[in-house]
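The values are calculated or read from the model by the stated rules, or taken from the named source; none is laboratory data. Since the model is a prediction, treat every value here as computed from it, not as a measurement. Cβ placement follows ideal geometry from the backbone for every residue including glycine, while neighbour counts extend to all protein chains displayed.
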Amino acid sequence: MLRKRRENEPYALTFSQLNEVKTARKEWRLIPFGAYGPSLNMAIDEAIFRLMAENNIPPTLRLYTWNPPALSIGYFQDTESALIKEYLKRGYPLVRRPTGGLAVLHQDEISYSMIGVFAGDGFPANRQEAYRKAHESIRKALNDLGFEVNLYQGKKPGYKDDFCSSSCVVYDIILRSKGKIGGSAQRTSREVLLQHGCFSLPEEVDRDYLREKVVENFEKIFQIKLKRQELTDAELSLSEKLVKEKYERWEWNYKGKFTFLRGINRG
């Protein structure tokens, strides 16, 4: 016998309504695409990362490129490397990333950054899951455009020299007949992850359409909804400060020393 609903008693959800709640997609920010100098690119990524937890910002995806083309090196890399020096002699500007990994020449490629709190709002629960899902989103986008791309499944990392393109770790992006075309680097601070990386553009690819497919596949793989939003005033202000006091400083880029920025934690 059915019980009569009491006055002011909340309605119970139906099975279909419960299913809708369970499958509702979390919303992330999508920062509009832009082409920026090496110092500003790294400053923006770090600013979002630093302000993520304290400002209760949703997970954020940013696609961008580098103007002018530049060389980025990992947090722990030595600029005395003969191969790195060779690229500096060719006139490429240098910036040291806030993340680890090896050197990358940012030319004819698309970069991305993904920042969020672990296991919050659809963000991955750990570093490996973040690496795999981001690269799977890029792989699927390239597959959709007709390119034969897979993720590296080697059990042991392979290192050949100081450049990321010559070294493979599990889930790196591999283009058939060309080899590795994409990888990423990470940094964590408590529960917040900064992951950024890039992938080289295959010949004759429609760049605008490829970016659209990357966004589409991030939504599918992560089961999220990306909402286009600009950087906040706080992020812009901190980015400018980081450019001047960190990423344009010789001490940081060539020696990895950073003691300048006041008012926020050093890194």
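Given the conditions (1) in contact with a helix residue (DSSP H, G or I) (Cβ under 7 Å, 6 or more places away or on another chain); (2) within 16 Å of C198 (Cα to Cα); (3) surrounded by fewer than 19 Cβ atoms within 10 Å (Cβ to Cβ), and given that S72 satisfies all but one, which numbered condition is not satisfied?
Only one criterion in (1) in contact with a helix residue (DSSP H, G or I) (Cβ under 7 Å, 6 or more places away or on another chain); (2) within 16 Å of C198 (Cα to Cα); (3) surrounded by fewer than 19 Cβ atoms within 10 Å (Cβ to Cβ) is unmet by S72, namely (3).
Considering only residues of the range 199-223 that are of a type in the set (A, V, I, L, M) and touching a Leu at 6+ places or on another chain (Cβ under 9 Å), which is farthest from I181 (Cα to Cα)?
Out of the qualifying residues, it is V215.
Report the residue count in the range 228-265 for those that are within 21 Å of the chain's Cα centre (by Cα) and at pLDDT below 75.
Of the residues in the range 228-265, 0 are within 21 Å of the chain's Cα centre (by Cα) and at pLDDT below 75.
Please work out which one of (1) part of a strand (DSSP E or B); (2) surrounded by 15 or more Cβ atoms within 10 Å (Cβ to Cβ); (3) not aliphatic (A, V, I, L, M) is the condition N253 fails and give its number.
Among (1) part of a strand (DSSP E or B); (2) surrounded by 15 or more Cβ atoms within 10 Å (Cβ to Cβ); (3) not aliphatic (A, V, I, L, M), the lone unmet condition for N253 is (1).
Please list, ordered by first then second residue, the pairs with beta carbon atoms under 7 Å, 6 or more apart or interchain, first in the range 123-135 and within 18 Å of K180 (Cβ to Cβ) and polar (S, T, N, Q), second surrounded by 24 or more Cβ atoms within 10 Å (Cβ to Cβ) and at pLDDT below 95.
none
Look at F199 and say whether it is of a type in the set (F, W, Y), at pLDDT 95 or above, crowded, with 21+ Cβ neighbours inside 10 Å and under 21 Å from P69 (Cα atoms).
It is true that F199 is of a type in the set (F, W, Y), at pLDDT 95 or above, crowded, with 21+ Cβ neighbours inside 10 Å and under 21 Å from P69 (Cα atoms).
If we keep just the residues of the range 123-139 that are of a type in the set (G, A, S) and under 17 Å from V214 (Cβ atoms), which is farthest from the chain's Cα centre (by Cα)?
Step by step, filter the range 123-139, then rank; the result is S137.
Name the residues in the range 69-108 that are polar (S, T, N, Q) and within 23 Å of R50 (Cα to Cα), would you?
Passing the criteria: S72, Q77, T99.
With respect to V104, is the statement that it is in contact with a Phe, Trp or Tyr (Cβ under 9 Å, 6 or more places away or on another chain), within 15 Å of Q195 (Cβ to Cβ) and touching a residue at least 60 places away in the same chain (Cβ under 8 Å) true?
So V104 fits the description; yes.
Tell me which of these S189 doesn't satisfy, since it passes every other one: (1) at pLDDT below 95; (2) in contact with a Leu (Cβ under 8 Å, 6 or more places away or on another chain); (3) within 16 Å of R97 (Cβ to Cβ).
Unmet for S189, out of (1) at pLDDT below 95; (2) in contact with a Leu (Cβ under 8 Å, 6 or more places away or on another chain); (3) within 16 Å of R97 (Cβ to Cβ): (2).
When you scan the range 161-237 for strands (runs of 3 or more DSSP E) that lie fully inside it, which ones turn up with 2 or more residues that are within 21 Å of L151 (Cα to Cα), in contact (Cβ under 8 Å) with a residue 40 or more places away in the chain and out of contact with any Asp or Glu (no Cβ under 7 Å at 6 or more places or on another chain)?
In the range 161-237, 179-189, 192-200 are the strands (runs of 3 or more DSSP E) which contain 2 or more residues that are within 21 Å of L151 (Cα to Cα), in contact (Cβ under 8 Å) with a residue 40 or more places away in the chain and out of contact with any Asp or Glu (no Cβ under 7 Å at 6 or more places or on another chain).
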